[in-house]
Amino acid sequence: MIKLGMLDFDTSHCVAFTTRLNHIGTDNEQFVEGAKVVIACPGESKLSPERIPGFTEQMKKFGVPLVEKPEDMIGKVDGMLIMSLDGTVHYERAKPFLEAGIPCFIDKPYACSVTDAKKIAELAAQKKVPIFSSSSLRYAPEVVEYATDAQRGPLKGCTVYGPASLSSIPERNPGLFHYGIHAVEILYTLMGPGCERVTCTHQKDVDVVTGAWKDGRVATLRGNRSGPTAYGFTGFAEKNIRAVNVGTKFIYRELLKQVVAMFKTGQAPLDISETIEIVAFIEAANKSGANHATAETLQR
């Protein structure tokens, strides 16, 4: 059994992940085998500190031992779950564990700047430990099924939509880094890496981002801040055009299967270079949206 530590309780993911890994408080069909949260630290939050007490009480009810300092978990775990809602702190929160040679799953957003994204990756490479970061939407069954469907032929482009509420503190998880990250992950699951430039039309209730890939493909993302909060996409493939609604019932379970596999094998399921490009995509989209839809080149 893989022993996991968990840091920062300012997101509901700390409870959602623990129930599935520790086989408590949820349906059997949601359970994930092979790892257990054996220790955790409620931590701190510069974005949503008011959420920590409530989630701390829930974690206590689950019987997870809690410590006051993150470093108190070093030497007691095989891997770490860095759960902080605020992507701007992920480098500093993951750093002590990576330096100690502990593999880390870093919850979305992986980072909120390409600079931080590269620093995390470089430290992990230096210490020769795997790291992984992803939205759970990447592993939604409908997304995986379409992404692996050879019968449709090569994907020429797609239009993805999803909710994109903004952070209450603009400098923390700015723009699409906050909730729009989910739709961006779907976009990249379908299109793969290779985007060169983006334009973003930013309005009060929506961001519409168009990305141009180096192979000539074009994809669009619509991040909604009013109306329904559903996820979905339309794929424009060589042999058909298909609209797909994306459900969320099993997304945490499917993500955690990938997380556990990384801790078991030492191999991340997603190359960190693609995750860094996702950060660059959002960084460029946010810049474009703030500058009247100017075309922005991704900074790698």
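The values are calculated or read from the model by the stated rules, or taken from the named source; none is laboratory data. Not measured: the values here are computed from a predicted model. Cβ placement follows ideal geometry from the backbone for every residue including glycine, while neighbour counts extend to all protein chains displayed.
For this structure, a couple of remarks:
- Considered as a group, the residues in the range 101-159 that are of a type in the set (D, E) and without any contact (Cβ under 8 Å) to a residue 24 or more places away in the chain include one that is surrounded by the most Cβ atoms within 10 Å (Cβ to Cβ), and that residue is D149.
- In the range 224-264, of all residues being of a type in the set (A, V, I, L, M), in contact with a helix residue (DSSP H, G or I) (Cβ under 9 Å, 6 or more places away or on another chain) and under 26 Å from A150 (Cβ atoms), the one that is surrounded by the most Cβ atoms within 10 Å (Cβ to Cβ) corresponds to L255.
- Applying the criterion of being under 14 Å from G43 (Cα atoms) and of a type in the set (A, V, I, L, M) to the residues of the range 57-77, the residue that is surrounded by the most Cβ atoms within 10 Å (Cβ to Cβ) is M73.
- All conditions but one from (1) buried (at least 16 other Cβ atoms within 10 Å of the Cβ); (2) out of contact with any helix residue (DSSP H, G or I) (no Cβ under 9 Å at 6 or more places or on another chain); (3) not aliphatic (A, V, I, L, M) apply to H90; the one that does not is (2).
- Selection from the range 221-235 of residues that are under 20 Å from the mean Cα position of the chain (by Cα) and within 16 Å of G192 (Cβ to Cβ): L221, F233
- Residue match in the range 190-200 (condition: surrounded by 14 or more Cβ atoms within 10 Å (Cβ to Cβ), within 23 Å of Q151 (Cα to Cα), touching a helix residue (DSSP H, G or I) at 6+ places or on another chain (Cβ under 6 Å) and not aliphatic (A, V, I, L, M)): yes
- Some residue of the range 175-186 being buried (at least 18 other Cβ atoms within 10 Å of the Cβ) and acidic (D, E): yes
- Residues that are of a type outside the set (A, V, I, L, M) and either crowded, with 19+ Cβ neighbours inside 10 Å or not assigned by TED's automatic domain parsing to the domain that holds C14 (or both), drawn from the range 30-40: none
- Selection within the range 196-228 - within 21 Å of R152 (Cβ to Cβ) and of a type outside the set (K, R): G211, W213, D215, G216, V218, A219, T220, L221
- Selection status of V77, assigned to a loop (DSSP other than H, G, I, E, B) and of a type in the set (V, I, T): yes
- Of the residues making up the range 93-135, just one is farther than 21 Å from V37 by Cβ, outside any helix (DSSP H, G or I) and among the hydroxyl-bearing types (S, T, Y), namely S113.
- Of all residue pairs spaced 6 or more apart or on separate chains, those with beta-carbon atoms under 9 Å, a first member in the range 254-266 that is at positive phi and a second member that is buried (at least 18 other Cβ atoms within 10 Å of the Cβ) are G266/P103; G266/V129; G266/P130.
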